[in-house]
Amino acid sequence: MNVCDMTVAALSALLRKREISAVETANAFLARIAERDGLHGAFLTTTADLALRQAARADARLASGENVTLLTGVPFAVKDNICVKGVRTTCGSRILSGYIAPYDAFAARRLLDGGAVLLGKTNMDEFGMGASTTHSAFQITRNPADPDRIPGGSSGGSAAAVAAGEAAFALGSDTGGSVRQPAAFCGAVGLKPTYGAVSRRGLVAFASSLDQIGPLTRCVGDAALVFDAIAGHDDGDATSARRRLPPLADAVGREVSGMRAGLPRELLGDGIDPQIREAVRNAARRLASLGVRVEETSLPALTQTLGAYYVISSAEASSNLARYDGVRYGRRAENCPDAASLYVRSRSEGFGDEVKRRILLGTFVLSAGFRDAYYQRAVAARARVRRDFDRAFADFDFLLAPTAPTAAPRFDETPDDPVRVYAGGVCTVPANLAGLPAMSVPFGKTPDGRPAAVQLIGPAFGEEVLIAAGHALEQEAKA
Ligand code: GLN
């Protein structure tokens with residue numbers, strides 16, 4: 001097997017046995033990117049020189065046997081809203097097209113300290129706003145499973161890189177589904193950790209109360225490995241959890257018999273493509289055959305999550321994106337006679353339509369006279385969503401649901417109407433609103449041959465349950 005198509009675990013074993021060097025591995029991936037990325041468009045920036053320098057250092061570690069981790073010498077990619085010092089970080093936006101990050105994001109630093117090798121930065125919907133990776137100022141990304149289809153988004157570049165063997169794993173960010181949905185569309189595993197489990201320091205903020213960094217990988221075991229490397233407390237993020245997390249890798253292969261799983265009725269209704277409903281029902285049957293007690297359940301507040309999510313995320317975005325005014329960060333409009341026109345023109349020229357739409361929406365819902373009607377109501381709905389989950393997790397170890405209402409559409413099938421696009425987040429946004437861990441796991445193919453996936457949602461800091469159940473499902477999908 002080509003090293004580019006191996007799991008992180010398998011590649012790491014070869015590196016540690018020194019059957020292949022980190023430099024050879026990095027070169028294999030760089031060659032794969034050169035061969036395939038013209039078609040896929042997963043990368044916005046490749047860091048070949050940096051990768052080869054890091055790989056040489058990884059080889060020295062592997063040779064001495066000192067400071068060797070499971071990720072030493074393993075090549076990875078990072079979504080372009082996660083900072084790596086000295087590397088261009090655009091967030092898929094014209095306004096940051098020349099921005100060079102002055103420090104490393106905590107999660108990226110953890111990986112680099114462990115000896116992982118950075119291949120580059122991946123394409124995304126501008127500032128994470130979107131679900132198709134067609135809202136990037138620079139390029140589109142194609143789904144490696146079928147280049148006529150979207151890869152999903154907003155972490156579409158990371159998902160495509162992993163699915164195409166252009167990186168052994170990748171980091172994405174998930175505010176309302178942006179790790180899980182592209183993973184589902186491309187046939188990869190995508191884990192959104194519990195809010196606070198992974199530091200957000202160095203993740204360019206979209207909606208700070210919802211954003212989380214998470215891994216995209218080729219299998220559930222790899223998601224556990226990467227999570228273990230990036231999770232943990234960071235004083236540089238005021239919302240970083242202090243709790244000590246047990247290694248997730250230990251949950252791989254754990255017995256699932258006796259677990260209780262709930263199927264929320266609200267996420268299996270009319271809006272869900274029958275092919276996806278069938279995949280979820282099939283996954284439920286397989287889990288039941290392994291001794292999991294699966295039952296339908298109801299979380300009525302899930303019908304209110306989309307409205308609450310788009311109000312809260314846009315409100316937070318309108319405030320977070322206020323810093324891009326041409327003064328300190330990013331692109332500055334030329335020949336402006338005064339400060340006001342500098343702000344207006346820098347922002348008008350720098351942001352794309354979807355970002356402008358969110359800023360307008362967010363500013364509106366926070367404005368005097370409308371705040372109570374929109375923002376406060378959304379906050380109240382969010383509290384109801386949390387309560388419904390609390391109640392559900394008194395009865396169930398995890399919930400099983402679709403990741404997205406459909407499998408990957410073709411480019412020419414993606415709707416223009418933003419409200420229809422927003423509706424695609426119905427299955428993923430609940431976990432963000434409640435801060436819960438959730439993972440998308442590939443589960444076979446739809447009858448028409450597209451990657452199918454299911455989503456597991458767990459209680460706060462219950463990632464281990466997701467890994468155990470997700471791994472069991474992955475084995476069933478192979479069987
Ligand atoms: N598609 C959702 C949105 O556009 C989620 C994006 C995300 O998770 N970054 O807001």
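Read-outs: derived from the displayed coordinates by stated rules, not from any lab. All of these numbers come straight from a predicted model, not from anything done at the bench. Using ideal geometry, Cβ is built from the backbone for each residue, glycine included, and neighbour counts are taken over all protein chains shown.
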(message) Per DSSP helix of 4 or more residues, -39500 (n - 2.57); summed, then divided by the residues of the chain. What does that give at 222 nm, rounded to the nearest 500?
(response) -12000 deg cm²/dmol
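How charged is the neighbourhood of R57? Take every other residue with its Cβ under 14 Å from the Cβ of R57, and add Lys/Arg as +1 and Asp/Glu as -1.
-2
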(message) Given the options P147, Q181, Y103, identify the residue whose Cα lies farthest towards the positive end of the charge dipole of segment 87-187 (+1 on Cβ of Lys, Arg; -1 on Cβ of Asp, Glu).
(response) Y103
(request) Using a 10 Å cut-off on Cβ atoms, rank the peptides 108-115, 413-420 from the highest mean neighbour count down. (result) 108-115, 413-420
(request) Enter the Cα centre distance for the pair segment 155-173 and segment 61-96, rounded to the nearest angstrom. (result) 13 Å
(request) With N denoting the number of residues in the chain, provide Rg(C-alpha) divided by 2.2 N^0.38 Å, to two decimal places. (result) 0.92
(request) Lys and Arg at +1, Asp and Glu at -1: add these up for the other residues within a Cβ distance under 12 Å of A401 and post the number. (result) +2
(request) Report, please, the projected area of segment 95-230 averaged over directions, based on the convex hull of its C-alpha atoms, in nm². (result) 7.5 nm²
(request) Could you tell me which of the pairs K85/K478; K17/K192; K85/K192; K356/K445; K17/K445 are separated by over 30 angstrom between their Cα atoms in the structure shown? (result) K85/K478; K17/K192; K356/K445; K17/K445
(message) Explain nothing, just the number: dipole magnitude of the chain about its Cα centre with +1 on each Lys and Arg Cβ and -1 on each Asp and Glu Cβ, in debye rounded to the nearest 20.
(response) 640 debye
(message) Along the charge dipole of the chain, pointing to its positive end and built from +1/-1 on Cβ of Lys, Arg, Asp and Glu, which listed residue (A381, L267, L15) has its Cα farthest out?
(response) A381
(message) Placing unit charges on C-beta atoms (Lys and Arg positive, Asp and Glu negative, everything else neutral), compute the dipole magnitude of segment 421-479 about its Cα centre in debye, rounded to 20.
(response) 180 debye
(request) Specify the inter-centroid distance of segment 384-428 and segment 316-332, based on alpha-carbon positions, in whole Å. (result) 30 Å
(request) Quick one: net charge around N81, please, counting Lys, Arg +1 and Asp, Glu -1 for every other residue with C-beta under 11 Å from its C-beta. (result) -1
(message) Order 24-34, 121-131, 273-283 from most to least packed using the mean count of other Cβ atoms within 10 Å.
(response) 121-131, 24-34, 273-283
(request) For segment 340-371, run through the chymotrypsin sites (Phe, Trp or Tyr not before Pro) and keep only the ones in DSSP coil with at most 14 other Cβ atoms within 10 Å of their Cβ. (result) F370
(request) Can you tell me which of 182-193, 206-217, 287-298, 51-62 comes out highest on packing, and rank the rest after it, using the mean Cβ neighbours within 10 Å? (result) 182-193, 206-217, 51-62, 287-298
(request) Could you pull out every residue, at least 5 positions away or on a different chain, whose amide H is within less than 5 Å of the one on Q212? Hs are placed 1.01 Å off N in the peptide plane, and Pro or chain starts have none. (result) D174, T175
(request) Count neighbours as other Cβ atoms within 10 Å of each site's Cβ, and list the trypsin sites (Lys or Arg not before Pro) in segment 306-384 that are DSSP loop with at most 15 such neighbours. (result) R328, R371
(message) Using the crude model of +1 on Lys and Arg Cβ and -1 on Asp and Glu Cβ, and no other charge, please compute the dipole size for segment 170-256 relative to its Cα centre, in debye to 20.
(response) 100 debye
(request) Would you grab the residues whose amide H sits under 5 Å from the one on L436? Only those 5+ places off in sequence or on another chain, please, with H modelled 1.01 Å from N. (result) Y195
